[in-house]
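Remarks on the structure that follows.
The values are calculated or read from the model by the stated rules, or taken from the named source; none is laboratory data. These figures come from a predicted structure and were not determined experimentally. Cβ placement follows ideal geometry from the backbone for every residue including glycine, while neighbour counts extend to all protein chains displayed. Surface accessibility is based on the protein's heavy atoms, side chains included, excluding ligands, DNA and RNA. Shrake-Rupley method; radii C 1.70, N 1.55, O 1.52, S 1.80 Å.
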Amino acid sequence: LDELNVPAGVRRLTDLTAPQKAAVMHLMQVALSADGYRKVTEIMQGDDVLKSQGRGGRGGRGGGPTFGVDEYWLAFVGVPSNAAPWMLQFGGHHLAINLTMAGSQSSMTPSLPAAQPAKYTIEGRKIRPLGRENDKGFALVNALNAAQRSKAILGYKVADLVLGATQDGKVIQPEGILASELTPAQQTMLLDLVREWAGIVNDAFSAPRMAEIRANLPQTYFAWSGPTANGEAAYFRIQGPTLVIE
């Protein structure tokens, strides 16, 4: 990914016929949950908003990106199989879904569901592709009492992803408050927040993943950096034995 989070060197949807595009989106609809598919398509629609505002549209000349729903891409790593591992990749501007499948098991690591713009209006409807993640994160940090906040809120500013691009294989020390120090209601809020990522894939894959995360909840940390008023720019991390969300 370059500095604009636009992948390079891959085949775009714009290179496909209309039936092929429909087949790609049907594949994503099957691979993802209903909410995951909504999230992905709303991220894509945001690119059409950028295009309508005159952003991009330079055909990539001079390093400039072209925005729009047709600028997303699909790739397979390996041959789709019911037994042997293979990967389905789908992405574009601020979106990278990497779904590795091996029989009944799957992994969505690493993936980046992000959005620009963060909110927009289509046909009178206000769309926030990642609005639930945002609101649930702020709701959780504001549900903590003073003692819990003193552990959860970091004493320094985090302005970007710590385990982002070029940080492959890096391990960071868990920080924040342990989920075991949260009340049952707060733990439920934390799991509901995690589900916004783990639940992007279809239920057959997300159910066992959430069960694993729930089993490891006592060893899972929640950390926050920045203001706690919803609408401000902030950062949070959820980190467990088999989980890192930023």
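For region 148-164, which positions are open to solvent by less than 50 Å² (accessible area, probe 1.4 Å), small (Gly, Ala, Ser) and in a loop (DSSP other than H, G, I, E, B)?
GLY164
Of all residues in region 169-227 being among the hydrophobic types (A, V, I, L, M, F, W, C) and in contact with a Lys or Arg (Cβ under 6 Å, 6 or more places away or on another chain), which is farthest from LYS39 (Cα to Cα)?
ILE177
So GLU196 ticks every box in (1) open to solvent by less than 40 Å² (accessible area, probe 1.4 Å); (2) part of a strand (DSSP E or B) but one. Which box is left unticked?
In the conditions (1) open to solvent by less than 40 Å² (accessible area, probe 1.4 Å); (2) part of a strand (DSSP E or B), GLU196 misses (2) alone.
List, please: which pairs have Cβ atoms under 7 Å, are six or more places apart or on different chains, and start with a residue in region 73-89 that is in contact (Cβ under 8 Å) with a residue 60 or more places away in the chain and over 16 Å from VAL30 (Cβ atoms) and end with one that is of a type in the set (Gly, Ala, Ser) and assigned to a strand (DSSP E or B)?
That search, which allows pairs on different chains as well, returns TRP73/GLY91; TRP73/GLY92.
Under 9 Å by Cβ, and 6 or more places apart or on different chains, what pairs join a residue from region 187-204 that is over 15 Å from THR220 (Cα atoms) and in contact (Cβ under 8 Å) with a residue 40 or more places away in the chain with one that is assigned to a loop (DSSP other than H, G, I, E, B) and open to solvent by 50 Å² or more (accessible area, probe 1.4 Å)?
ALA204/SER104
Given the criteria closer than 15 Å to ASN134 by Cα, free of Cβ contacts under 8 Å to residues at least 24 places away in the same chain and more than 18 Å from the chain's Cα centre (by Cα), does PRO227 qualify? Lay out the reasoning, then the answer.
On the way: closer than 15 Å to ASN134 by Cα: yes; free of Cβ contacts under 8 Å to residues at least 24 places away in the same chain: yes; more than 18 Å from the chain's Cα centre (by Cα): yes.
Yes.
Return yes or no: is ALA146 of a type outside the set (D, E, K, R) and within 23 Å of GLU212 (Cα to Cα)? Full working, then the answer.
Working: of a type outside the set (D, E, K, R): yes; within 23 Å of GLU212 (Cα to Cα): no.
So ALA146 does not fit the description; no.
Taking the options ALA96, ALA84, ALA114, name whichever one is open to solvent by less than 60 Å² (accessible area, probe 1.4 Å), within 28 Å of MET210 (Cα to Cα) and touching a His at 6+ places or on another chain (Cβ under 6 Å). Please lay out each step first, then the result.
Details: ALA96 fails: touching a His at 6+ places or on another chain (Cβ under 6 Å); ALA84 fails: touching a His at 6+ places or on another chain (Cβ under 6 Å).
So the residue among ALA96, ALA84, ALA114 that is open to solvent by less than 60 Å² (accessible area, probe 1.4 Å), within 28 Å of MET210 (Cα to Cα) and touching a His at 6+ places or on another chain (Cβ under 6 Å) is ALA114.
Any idea which residue in region 7-39 is surrounded by the most Cβ atoms within 10 Å (Cβ to Cβ), counting only those that are polar (S, T, N, Q) and at pLDDT 95 or above? Explain how you work it out, then say what you get.
First pass over region 7-39, keeping only residues polar (S, T, N, Q): 14, 17, 20, 29, 33.
Retained after the next criterion (residues that are at pLDDT 95 or above): 29, 33.
Details: GLN29: 15, SER33: 19.
The extreme case among them is SER33.
LEU4 fails exactly one of the following numbered conditions: (1) loosely packed, with under 12 Cβ neighbours inside 10 Å; (2) modelled with pLDDT under 80; (3) within 26 Å of GLU133 (Cα to Cα). What is the number of that condition?
Failing condition for LEU4: (1).
Identify all residues within region 165-186 that are without any contact (Cβ under 8 Å) to a residue 24 or more places away in the chain and open to solvent by less than 70 Å² (accessible area, probe 1.4 Å); write none if there are none.
GLN167, THR183
Quick one: would you say THR242 is open to solvent by 50 Å² or more (accessible area, probe 1.4 Å) and hydroxyl-bearing (Ser, Thr, Tyr)?
Details: open to solvent by 50 Å² or more (accessible area, probe 1.4 Å): yes; hydroxyl-bearing (Ser, Thr, Tyr): yes.
Here the answer is yes, as THR242 does meet what is asked.
Quick one: how many residues across region 44-70 are touching a His at 6+ places or on another chain (Cβ under 7 Å), at pLDDT below 90 and outside any loop (DSSP other than H, G, I, E, B)?
Counting residues in region 44-70 that are touching a His at 6+ places or on another chain (Cβ under 7 Å), at pLDDT below 90 and outside any loop (DSSP other than H, G, I, E, B) gives 0.
If you go through region 130-146 one residue at a time, do you hit one that is at pLDDT 95 or above, in a loop (DSSP other than H, G, I, E, B) and small (Gly, Ala, Ser)?
Taking region 130-146 first, the residues at pLDDT 95 or above are 130-146.
From the residues that got through so far, the ones that are in a loop (DSSP other than H, G, I, E, B) too are 130, 144-145.
Now narrow it down to the ones that are small (Gly, Ala, Ser): none.
Taking every residue of region 130-146 in turn, none turns out to be at pLDDT 95 or above, in a loop (DSSP other than H, G, I, E, B) and small (Gly, Ala, Ser).
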